[in-house]
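What follows is a short report on a single structure.
The values are calculated or read from the model by the stated rules, or taken from the named source; none is laboratory data. The shown structure was predicted, so the numbers you read here are calculated from the model rather than taken from an experiment. Cβ: placed from backbone, ideal geometry, glycine included. Neighbour counts: every protein chain shown. Remember, those area values only see protein heavy atoms, side chains included, never the ligands or the DNA or RNA. Shrake-Rupley method; radii C 1.70, N 1.55, O 1.52, S 1.80 Å.
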Amino acid sequence: MSEFTNKIDFAVVFSVKNANPNGDPLNGNRPRETYDGFGEVSDVCLKRKIRNRMMDLGYPVFVQSDDRNVDGIRSLSDRAGAAPELKEAGKDKEKYAAAACQKWMDVRTFGQVFAFKSKDKGAEGDGVSVGVRGPVSIQTAVSVAPIDISSMQITKSVNSETSEKKSPDTMGMKHRVDFGMYVTYGSINHQLAEKTGFSDEDAEVIREILVTLFENDASSARPDGSMEVCKVIWWKHNCFLGQYSSAKVHRCLQVRRKPGVEIAKSREDFEITVAELPDLKVEIYDGI
C-alpha cells in the first residue's frame with residue numbers, strides 16, 4: 001500500500017426530499033436546524049454513514065453501531081481488548097496506535113481515543129490511554145437555503161407485551177424536510193495521514209464512499225430515494241501542505257438557487273459551479 005502523497009480537499013452536495021436526514025433527540029427528533037432556519041446534518045451523523053459504507057465494502061471498522069454489528073462484540077472496550085495486535089503492543093503507545101490504525105480503517109481515517117479501564121491484566125494496553133488523530137476531517141452539512149419542516153401525527157398500533165387485551169394505540173409525531181439542498185466540506189491532512197498510515201488507496205475508498213454515501217442507509221425516516229448525492233468535488237493539491245488553504249478551496253464551490261426560483265422543490269432548481277484556482281486539480285463526480 002502506497003503512502004498518502006498530497007493534501008486533498010473535498011465537498012459533497014446532496015439533496016433531501018420528504019425525509020428526516022438527522023433528527024435532534026433534544027427537540028422531539030425534528031430535523032436539525034439552525035436558529036436561522038437552515039437545515040443541519042452533524043459531522044457525527046456523516047461519519048456514521050461513512051463507517052457503514054466502509055463495512056459494506058468489506059473493511060474492518062472499530063466503531064460499529066448496534067444495528068450493523070458484525071463481530072458480536074457490544075462495546076468498544078471489549079473490541080479493543082479482543083484484538084491480539086493491541087495486546088501485543090502492551091504499554092507502548094506508539095505501537096498500540098500503529099496496530100489500531102493498521103487493523104481498523106475508521107481509526108486511521110478519523111482517529112480514535114482508546115481510554116478504557118482494563119478488566120484483565122494486559123488488556124487494552126494494560127489500561128494505557130492512547131489518542132489517535134485522524135487525517136480526514138468533515139464539517140457539519142448545512143442547507144443552502146432555509147428548510148421547511150412538515151410534521152404529522154401518527155398512530156402506532158403494536159402489542160408490545162403478551163396480554164388477553166390488545167394494548168391501546170400510541171400516538172406519536174413524525175417530521176420531515178420537504179426539500180433541502182445540503183453541502184458539507186472536508187479535507188485530508190498529509191501530516192496526520194503519515195502518522196496513521198492512511199494511504200492514497202484509502203483516499204480513493206473515501207471518494208468512492210462519498211459518491212455512494214446513502215446506499216444501504218434507508219429507514220422509515222429516510223426512505224430509499226429521499227436522499228441523493230448530487231455532486232462530489234475532489235481537489236488534489238500538488239504538495240504535502242497544499243498550495244491553498246482549505247477555506248479558500250472550499251469557497252470555490254457555489255450552490256445557488258437558479259434565477260426566478262423562490263421556493264426550491266428539486267435539485268434542478270439549483271445551479272452548482274466550481275471556480276478554478278491556478279495549478280489546483282479538481283475532479284467532479286456525480287452521485288450514483
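Set the Cα radius of gyration of segment 213-263 against 2.2 N^0.38 Å, with N its number of residues, and you get 1.70.
Given a Förster radius of 51 Å and the C-beta distance between residue 113 and residue 178 as r, what FRET efficiency does 1/(1 + (r/R0)^6) yield to the nearest 0.05? So the FRET efficiency works out to roughly 0.85.
What's the longest piece of the chain with no exposed GluC sites (Glu not before Pro), counting a site as exposed if DSSP puts it in a loop and it has at most 12 other beta carbons within 10 Å? Longest gap between qualifying sites, sites excluded: 4-160. Computed from phi, the 3J(HN,Hα) profile of segment 237-247 under the Karplus parametrisation 6.51, -1.76, 1.60 (θ = phi - 60°) reads 7, 9, 8, 4, 7, x, 7, 9, 6, 4, 4 Hz, with x in place of Gly and Pro. In the assembled protein chains, residue 156 presents an accessible area of approximately 110 Å² (probe radius 1.4 Å).
Solvent-accessible surface of segment 1-45, taken per residue with a 1.4 Å probe and all protein chains present: 48 Å². Among the chymotrypsin sites (Phe, Trp or Tyr not before Pro) within segment 203-264, those in coil by DSSP and having at most 14 neighbouring Cβ atoms inside 10 Å are 240. Counting Lys and Arg as +1 and Asp and Glu as -1 over every other residue whose Cβ lies under 9 Å from the Cβ of residue 33, the net charge comes to -1. Here the relative contact order of the chain, from alpha carbon pairs under 8 Å that lie six or more residues apart, stands at 30 percent.
Protein heavy-atom surface of segment 22-120, 1.4 angstrom probe: 48% of the accessible area is carbon and sulfur, with nucleic acids and ligands not counted. If R₀ is 25 angstrom, what is the calculated FRET efficiency for the pair residue 26 and residue 56, using the beta carbon separation as r and rounding to 0.05? So, using R0 = 25 Å, E works out to roughly 0.25.
Loop-located chymotrypsin sites (Phe, Trp or Tyr not before Pro) in segment 1-88 (DSSP state not H, G, I, E or B) with no more than 12 neighbouring Cβ atoms inside 10 Å: 35.
Solvent exposure of residue 143, expressed as accessible area, is near 10 Å², computed with a probe of 1.4 Å over the protein chains only.
By the equivalent-ellipsoid construction on the alpha carbon gyration tensor, the chain comes out with semi-axes of 34, 31, 14 Å, ordered largest to smallest. Here r is the Cβ-Cβ distance between residue 65 and residue 239 and R0 is 51 Å; the resulting FRET efficiency, rounded to 0.05, is 0.85. Ordering 8, 252, 145 by the projection of their Cα atoms onto the charge dipole of the chain, which places +1 on the Cβ of Lys and Arg and -1 on the Cβ of Asp and Glu, puts 145 at the extreme positive end. Restricting the trypsin sites (Lys or Arg not before Pro) of segment 53-101 to loop positions (DSSP other than H, G, I, E, B) with no more than 15 neighbouring Cβ atoms within 10 Å leaves 74, 91.
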